[in-house]
Structure formats: C-alpha cells, structure tokens
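Written below as structure tokens is the structure these notes are about.
The values are calculated or read from the model by the stated rules, or taken from the named source; none is laboratory data. Since the structure is predicted, the reported quantities are computational estimates derived from the model, not experimental observations. Ideal geometry is used to build each Cβ from the backbone, glycine not excepted, and the neighbour counts take in all protein chains shown.
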There are 2 protein chains.
Amino acid sequence: MAKDTAQGAHRFRRTRRDHATEITHDYVEMIAKIEAMHGECRGSDLARQFAVSHVTVTKTVARLKKDGWVQTVPYGPLTLTAKGKRLAKTVRARHETVLAFLKAIGVSEETAEADTEGIEHHVSPETLRCFRRFLKQNKLSN
Amino acid sequence: MAKDTAQGAHRFRRTRRDHATEITHDYVEMIAKIEAMHGECRGSDLARQFAVSHVTVTKTVARLKKDGWVQTVPYGPLTLTAKGKRLAKTVRARHETVLAFLKAIGVSEETAEADTEGIEHHVSPETLRCFRRFLKQNKLSN
DNA sequence: GTACAAATTTAACCGAGGCTAAGTTAATGG
DNA sequence: CCATTAACTTAGCCTCGGTTAAATTTGTAC
Ligand SMILES: [Mn+2]
Ligand SMILES: [Mn+2]
Ligand SMILES: [Mn+2]
Ligand SMILES: [Mn+2]
C-alpha cells in the first residue's frame, strides 16, 4: 500500500506548493521596494511594475489582505503588516542571493535579473546556503 | 508615452510565460521517460508520477493533443508525436544540466532533484550555457 | 461466458490569476 | 464650485490546473 504515488512525486508537489506562494512573495517584495523608493505604494504602481491590469492587482491584494500580509484603506495606499514586512525581508534577501549567484557564474545582468524572477521561488534553504557559500568562496558575497 | 509598464515588467512577463509551458514540458519529459522504462505510457502512470488525479491527467493530455505534442487512442497508451519527442529531448537535456549543476555546487542529491523540478523552467539558454561551462571547468560535465 | 477489477472517460465543481467594461471616489486646475 | 482626470472598485468573463462522483470500456480470473 501507499503505492498510489511514485517515489519522485513529492518533487512535483513541492513545485506546485512553490507556485502557490509565488505571487504573495513577489507582491510583498515589490510593495516594500516601492515604499522604500516613493514613500507609499498604490495599486496602480503594482499594476505598472508587474504589467498586469489594475483589476488583477485589486483581486490579488484582497487575497493578501485576507491572509494578513497587507493592510488597505479605501482609495488609499497599501501598507505591509508586521508579518508582511518580515516576509518581504526574507524574500528580498533570497532574491539578492540568487541574483548575485547567477552574475557570479557569468550570467549577464539583464538575463540574471529575468531568470532570478522565476528561479528564486524554487530555491530551497539548502540550495540557498550553497549559493551563499559559493559567493563567499569567490569573494563576491554581494 | 509607452510608460504604462515599468522597465522591469518584462521579467514578470517572462516568468508568466515560463509557467504557461511548464506543464507541457514536464509531461512530455515524463512520457518519454516512462516509454523508455516500460515500453508504453498510460494516463494512470502519469497520475501516479505527478501525484495528481487521473482526471487531471485526462484533461491535460487533451490539451497536449490539441497542441500536437501527443497522440492517443481511446483506452490505449499515450505516444509522443515527432514534435513531442524533439521537445522531450531538449527538456530532458536541460533538466540533466540543471541537476548536475546543483549537485556540482554541493547540493544534496534529493534536494537537487526537488529544486531542479521547478528551476529548470526558468533557466534561459544563456544561463544554461553558464551552467554547462561551470561543469566543464570543474571536470564534472555529467 | 460471466463476473470482477482496473483503467479510462465524462460531468460538474473549485480557486488562482488573467482580462474588459462600467461605475465610484478623490484630487485638482480654472 | 465644478469639470476633468486619475485611481480605485465592482461585475462578469476566460483558461488552467486541480478535485470528486459516476459511467463506460477493457482485460482477466474463474
Ligand atoms: Mn519572482
Ligand atoms: Mn516556477
Ligand atoms: Mn519540472
Ligand atoms: Mn523535469
């Protein structure tokens, strides 16, 4: 019994789980970034940055709010909750590490930025440690 | 004008495009693998390997068929088209390279296998070349 | 040849993440 | 103060990738 799934099946489950949290991670990261740059973040900023419609942003933000990552005031700016700020910090750190790593092995700036946007969500803590170790060994820690 | 999208927006578009082709890639890769191991591939094999229901497989296979990657006979095995076989080959090669690369920088077998399943879909040709170059330089080409 | 088990298909549903169109609110210039 | 514009919301639609339940086909054991 327990042979209804193959032994490698958990890897695909992992990938599906990564994708379920991906949008949340990108949003809190972006909100923090825009807040840092412009003082406040509006829905229209996110729509422009992600190249989606403002309606998509409205719906996604409603989910983020329900899940406790952001707070909103009607017709006002978006703000991260304490929990949202903590998540943004770890997500940003991971993003930076992946980006620095790709550049360290010779990937061009622009390609590295683009690939990182997808890769970051599938890098496990162990792999992230390996990336950091590589950067350290090559004296390119940031 | 043309300032309705930010300069970094194309990266998120890229990631969304990667995700749109991801299932197709995983399916053709898996079908080729199962064919190679057991002579033929059935829908139930895919359901077991991906840990999804057989209904999900039926629906996904219908799309793959519509797009010309696989052929089916009612209540019979799945087969790849010529186009499907070619895609499977390139997808498998990319998977192998990503996996070998992660192991080369010190990621454990199991973690490398899991991370690769997601990362492979976001690795651009340029980054793949960097991975291969790294493996070559470290005499670990496969 | 019949009964049963496994595989497959079909129908009906869900949530996430996209979209357009239309209505509402807020800010601002004259 | 009012008209315009920008931002935001609401309503309704789509596809994809999941689900369960029920019907059908196929292969096989007896
Ligand atoms: Mn991202
Ligand atoms: Mn992905
Ligand atoms: Mn994969
Ligand atoms: Mn793969």
> List pairs: first in region B:26-45 and of a type in the set (Ser, Thr, Tyr), second at pLDDT below 95, Cβ under 7 Å, 6+ apart or cross-chain?
Replying inline: none
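Check region B:94-102 and report whether any residue there is touching a His at 6+ places or on another chain (Cβ under 8 Å), touching a residue at least 12 places away in the same chain (Cβ under 8 Å) and part of a helix (DSSP H, G or I). First the steps, then the outcome.
Taking region B:94-102 and keeping what is touching a His at 6+ places or on another chain (Cβ under 8 Å), we get none.
Among the residues of region B:94-102, not one is touching a His at 6+ places or on another chain (Cβ under 8 Å), touching a residue at least 12 places away in the same chain (Cβ under 8 Å) and part of a helix (DSSP H, G or I), which makes the answer no.
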>> If residue A:15 meets every condition in (1) surrounded by fewer than 13 Cβ atoms within 10 Å (Cβ to Cβ); (2) more than 10 Å from DNA strand C (Cβ to nearest atom); (3) under 28 Å from residue B:50 (Cα atoms) apart from one, which number is that one?
In response: (1)
> Assuming residue A:38 fulfils every condition listed in (1) over 21 Å from residue B:13 (Cβ atoms); (2) at pLDDT 95 or above apart from one, which condition is it?
Replying inline: (2)
> Counting only residues that are among the charged types (D, E, K, R) and closer than 14 Å to residue A:26 by Cα, which one in region A:69-103 is surrounded by the most Cβ atoms within 10 Å (Cβ to Cβ)?
Replying inline: A:94
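Here is a yes/no grid of residues against (1) within 23 Å of residue B:135 (Cα to Cα); (2) within 16 Å of ligand 3 (Cβ to nearest atom); (3) more than 15 Å from the chain's Cα centre (by Cα):
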{"site": "B:63", "(1), (2), (3)": "no, no, yes"}
{"site": "B:75", "(1), (2), (3)": "no, no, yes"}
{"site": "B:83", "(1), (2), (3)": "no, no, no"}
{"site": "B:99", "(1), (2), (3)": "yes, yes, no"}
> Of all helices (runs of 4 or more DSSP H) completely enclosed by region B:1-88, which ones contain at least 1 residues that are within 14 Å of DNA strand D (Cβ to nearest atom) and aromatic (Phe, Trp, Tyr)?
Replying inline: B:9-38, B:43-50
>> Against the conditions (1) within 14 Å of chain B (Cβ to nearest Cβ); (2) touching a Pro at 6+ places or on another chain (Cβ under 9 Å); (3) of a type in the set (Asp, Glu), where does residue A:35 fall short? Just the number, please.
In response: (1)
>> Quick check on region B:106-125: of everything there that is surrounded by fewer than 17 Cβ atoms within 10 Å (Cβ to Cβ) and either more than 19 Å from residue A:129 (Cβ to Cβ) or more than 16 Å from ligand 3 (Cβ to nearest atom) (or both), which residue is nearest to the other protein chains (Cβ to nearest Cβ)?
In response: B:106
